[in-house]
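Please treat every number below as a calculation from the coordinates, not as lab data. Here the structure is a predicted model, which means the values were calculated and not measured. Here the Cβ is made from the backbone with ideal geometry for all residues, glycine too, and neighbour counts use every protein chain on show.
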Amino acid sequence: MKISTETRELLLNLAESKKVYLEGNLIKVLEVDADDAEMQAYLEECKSRDSEARKKRLEVTRQVQEQNRELEASSKKMEVLNQDLQAALAESKVSEKMASEAKAEAERLRDEAVEDLDDMQKRTQFELMGYIVKVALGVILGVGLLTTMLYVYVLTVGMDAKIIESTWSNLFGILLTNSFSIIGTIMGVKYANEKN
């Protein structure tokens with residue numbers, strides 16, 4: 001699929017200014033002129049970034065699948081225990097007291113299995129939230145450092161810094177607000193999931 005010159009310039013400007021690149025199957029169908037080295041380099045970068053993103057998503061999927069297998073194994077163990085209990089009750093004529101104790105034990109085991117399942121799900125959620133927080137804070141720190149370096153450079157060179165000064169101040173206000181917003185959201189989710 002050929003793209004227009006206007007679209008080409010838009011894609012290259014978007015990548016240069018905001019570090020936003022194309023993803024997915026669209027990269028495979030774009031055709032670029034053989035003498036357009038800049039666009040070819042852009043597409044190679046898109047492919048590389050897309051591949052990395054897919055690898056990360058695949059790793060998260062594998063972790064979730066492994067945890068699901070562990071949960072299934074626990075569930076099967078609980079089912080086997082329940083079946084063994086039922087068979088034992090059917091084979092022998094257990095007194096009323098022993099039957100109620102066995103039932104209580106089965107319920108206790110079931111409750112433990114349910115709690116284990118809840119704990120594994122919460123652990124997975126907290127690991128995912130931790131990963132999200134690390135990435136978000138990395139982006140915030142990166143933007144803050146980059147902006148500060150630009151501001152210091154402008155001050156060092158002696159250029160007019162009024163525009164950059166207000167931009168720097170506004171950007172840090174936004175970054176600080178977003179940091180607290182992320183932390184507040186995570187803490188809200190954490191406390192909303194806790195039982196009284």
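Things worth noting here:
- Amide N of the range 1-25 lying under 20 Å from the label point, which is placed 7 angstrom from the Cα of Ala34 along Cα→Cβ: 1-3
- Between the range 132-194 and the range 30-67, the alpha-carbon center distance in angstrom: 27
- Remark: the chain carries a charge dipole of roughly 300 debye about the Cα centre, counting +1 on each Lys and Arg Cβ and -1 on each Asp and Glu Cβ.
- Shape class for the range 1-70: prolate, because the ratio a/c of the largest to smallest gyration tensor axis (alpha-carbon atoms, square roots of eigenvalues) is 1.5 or more and a/b beats b/c.
- Rounded to whole numbers, the Karplus 3J(HN,Hα) couplings from phi for the range 161-170 are 10, 5, 5, 5, 4, 5, 5, 4, 4, 4 Hz, using 6.51 cos²θ - 1.76 cosθ + 1.60 with θ = phi - 60°, and x at Gly and Pro.
- Rg followed by Dmax, in Å, when the range 97-196 is reduced to its Cα trace: 25.0, 89
- Relative contact order [Cα under 8 Å, 6+ residues apart], the chain, whole percent: 13
- Adding -39500 (n - 2.57) for every DSSP H run of four residues or longer, then dividing by how many residues the chain holds, sets the calculated 222 nm ellipticity at -31000 deg cm²/dmol.
- Selected from Leu81, Leu109, Thr156, residue furthest toward positive end of dipole (the chain; charges at beta carbon): Leu109
- Gaussian network model of the chain, springs between alpha carbon atoms under 10 Å - residue of Leu137, Leu26, Leu58 with greatest fluctuation: Leu26
- Principal-axis tilt of helix 5-18 within the chain, Cα atoms, nearest 10 degrees: 70
- Degrees separating the helix 37-91 axis from the principal Cα axis of the chain, which is the longest one: 10
- Degrees between helix 96-157 axis and first principal axis of the chain (Cα, 0 to 90, nearest 10): 10
- For the range 1-70, the dipole from Cβ point charges (+1 on Lys and Arg, -1 on Asp and Glu) about the Cα centre works out to 520 debye, to the nearest 20.
- Estimated FRET transfer efficiency when R0 is 35 angstrom, pair Glu91-Val64 (beta carbons, to 0.05): 0.30
- Within the range 109-196: Cβ-based charge dipole about Cα centre, in debye rounded to nearest 20 (Lys, Arg +1; Asp, Glu -1): 340
- Based on every Cα atom in the range 30-115, Rg and the maximum pairwise Cα distance Dmax equal 27.9, 89 Å.
- Zero-based 5 Å bins, Cα pair distances in the range 135-188, whole percents: 4, 20, 25, 19, 13, 10, 6, 3, 1, 0
- Computed log10 I(q)/I(0) for the chain at 0.14, 0.16, 0.19 Å⁻¹: -1.06, -1.17, -1.25, from the Debye equation with unit scatterers placed on every C-alpha and solvent omitted.
- The length gained by stretching the chain between Asn25 and Tyr153 to full extension, at 0.36 nm per residue less their Cα-Cα distance, is 42.0 nm.
- Additional length obtainable on full extension of the chain from Thr5 to Thr185, 0.36 nm per residue less Cα span: 60.5 nm
- For the residues Glu115, Glu31, Glu105, a GNM of the chain with alpha-carbon springs under 10 Å puts the largest fluctuation on Glu31.
- Label point distance in nm, Leu146-Ser17, each placed 7 Å from Cα along Cα→Cβ: 1.3
- Sequence-distant residues sharing a close amide H with Ala161 (under 5 Å, placed H): none
- Going from the residue with the fewest nearby Cβ atoms within 10 Å to the one with the most, Phe180, Phe126 rank Phe180, Phe126.
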